[in-house]
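Notes follow the structure.
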Ligand code: ADP
Ligand code: MG
């Protein structure tokens, strides 16, 4: 077996299953090894029926004590049975599993695992998982990996595939080359790569998991930092190939706007202007809290480029956001007669529409291109591309940023080989110390102040016992004409998790709130076109409550939405929660954010209280750093920041700093890439550069 082998070399994986894996980004054996669990499942100790708690997950060892009865509930078929232990009886209910009748024999002993609810005097376990005593014993005490899945793929299949690779590799020696020299591993107390990979998938205990995670996160940071280092070296003061002149258009646009720029915005605009009209190419990060008004700065920079006869492009991480930017800028263009010819380029255009867009871009018929990752596809050739802007940079990898800035080079006639001005915008407040490390190749402008007249969002942190009251509150707001966001951490129900999920929560809201409320759901498994349709409908006020996962986290602007209700808030990082909260408080009405702490833990409450007391993103990020402890390592991950797969810049901040030190040590020798001990490391960097491999963090 080789790393580059297609996973169809594994037993049990045919073309059909391989296609499912491909959807999850896994095609080769190496990608399977790097397909890390999103969580771990540990089977509970056995509970007595008399001691069960309402609304909790439990394992009960019981004897089937009644026959199976069946009934219909709408389109569902429900099978009911009963199990008993020495302390009492437990109702069992199964949905759409008619075959269960043939399986559950009176007198048989099983371990039942599932969520229990109090019903009348007793408890009901819904959809329990059945384990034979032998199966239960085998699983007890073990941490089982839980992988992200797609429809048709289940945990068992992924676990089996990974296990096969680990076992086969064990027989033929280590499969993966070690990229970290022994000296560094000893210094940093890190285990070998093979050990780390085996343990990240199948840890025997928490301690092993910590070791594995530490090693992999360090590696991720180090590779990332070495790449940044390379970019830094090549990005130093490039002469400005697209010098611009200040034009009347930007002044006219600013005069026309219904508001004045804040002092901070003005300063950033001055920075941008100085860069683009100056001697060197712009390479600038604009960091500003959610709602601080970065889009208008992007519009100004794009306008300057257009007025100077150049093309500008802006890339957003989601289609929803790209469409929104397109609409905003088209609105500006029409209202203020700006010299923009716009085109939108996203993945969900038809082939014909795409071809038309490519043509307009290549001939220079349009001068403002807005889109998603589609902007950096090979097929797109720009014409005099002088400015590239990446919005919500933390959602992209460094590699994508680099590809985007290289798009200005090469094929465009006349301007061949010129690096465009680069501006990246981010609403993720990254503490200064970390920003220096992570964005070391960029100049930084910060917008601290929010536009005047914004009402601060009112917050509350509550337990699940407040859910009813929260729903009442939603009802009141909706009756007043407002709209509501609800966020759940999961998309659908799953065996391994009690976390709230979008599908069931939407049903619950529909059942619990007035029937004329329009309640819809939105999540990452939907087609982009469907997501756009829902966002449009929500933006147009046709939907009252949008229940979604964090796909709406970035950038979306819906001024009439006044409530953000976040279920299982304890599962999100503070910076991420702050981003979510930024979706409300954008209009004239008072807005509210309700954080529901589903864990009941005091630590979680303490963390969430930080958000309760502050609306300042930078302060919150600093607190996130302070409040994390080693025990939190698996608790909360800020998803999607800079595309790290396993490392987390907040939780693993110390390690990031260590990796920075090591990186500087390595690169202090200019010829490091030729040195024996770094050969694997440098070859990985070269490979990822050439093939654009999406190595973690790149
Ligand atoms: P973000 O920085 O999160 O991307 P946006 O650019 O979406 O924020 O701006 C949020 C809202 O604030 C928009 O409706 C925008 O028109 C408005 N806005 C921007 N700058 C100002 C300002 N100086 N005064 C008042 N409103 C502003
Ligand atoms: Mg924005």
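The values are calculated or read from the model by the stated rules, or taken from the named source; none is laboratory data. Note that the coordinates shown come from a computational prediction; the quantities given were computed from them, not determined experimentally. FYI the Cβ positions are ideal-geometry reconstructions off the backbone, even for glycines, and counts take in every protein chain you see.
Here are a few things to note about the model shown:
- Residue count, region 298-319 (criterion: farther than 16 Å from residue 269 by Cα, within 14 Å of ligand 2 (Cβ to nearest atom) and crowded, with 24+ Cβ neighbours inside 10 Å): 4
- For region 378-388, the criterion of a residue being surrounded by fewer than 20 Cβ atoms within 10 Å (Cβ to Cβ) and at positive phi is satisfied by no position.
- Of the residues making up region 553-583, those that are farther than 18 Å from residue 596 by Cα and within 14 Å of ligand 2 (Cβ to nearest atom) are 554, 555, 556, 557, 558, 559.
- The residues on offer are 435, 456, and the sole one that is surrounded by 16 or more Cβ atoms within 10 Å (Cβ to Cβ), at pLDDT below 90 and either away from ligand 2 (no atom under 16 Å from the Cβ) or over 25 Å from residue 593 (Cα atoms) (or both) is 435.
- Filter result for residue 313 (touching a residue at least 12 places away in the same chain (Cβ under 8 Å), within 15 Å of ligand 1 (Cβ to nearest atom) and more than 14 Å from residue 249 (Cα to Cα)): no
- Here is the figure for region 278-292: residues that are outside any strand (DSSP E or B) and more than 10 Å from ligand 1 (Cβ to nearest atom) total 4.
- Complete set of residues in region 249-277 that are assigned to a helix (DSSP H, G or I) and without any contact (Cβ under 8 Å) to a residue 12 or more places away in the chain: 251, 255, 266, 270, 274
Residue-by-condition table, conditions (1) within 19 Å of residue 493 (Cβ to Cβ); (2) touching a helix residue (DSSP H, G or I) at 6+ places or on another chain (Cβ under 7 Å); (3) surrounded by fewer than 12 Cβ atoms within 10 Å (Cβ to Cβ):
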{"residue": "51", "(1), (2), (3)": "no, no, yes"}
{"residue": "74", "(1), (2), (3)": "yes, no, yes"}
{"residue": "90", "(1), (2), (3)": "no, yes, no"}
{"residue": "101", "(1), (2), (3)": "no, no, no"}
{"residue": "117", "(1), (2), (3)": "yes, no, no"}
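- Looking only at residues of region 391-419 that are out of contact with any helix residue (DSSP H, G or I) (no Cβ under 6 Å at 6 or more places or on another chain) and within 16 Å of ligand 1 (Cβ to nearest atom), we find that the one that is modelled with the highest pLDDT is 391.
- Unique residue being out of contact with any helix residue (DSSP H, G or I) (no Cβ under 9 Å at 6 or more places or on another chain), within 16 Å of ligand 2 (Cβ to nearest atom) and modelled with pLDDT under 95 when the list is 331, 364, 291: 291
- Some residue of region 221-244 being under 27 Å from residue 19 (Cα atoms) and in a helix (DSSP H, G or I): no
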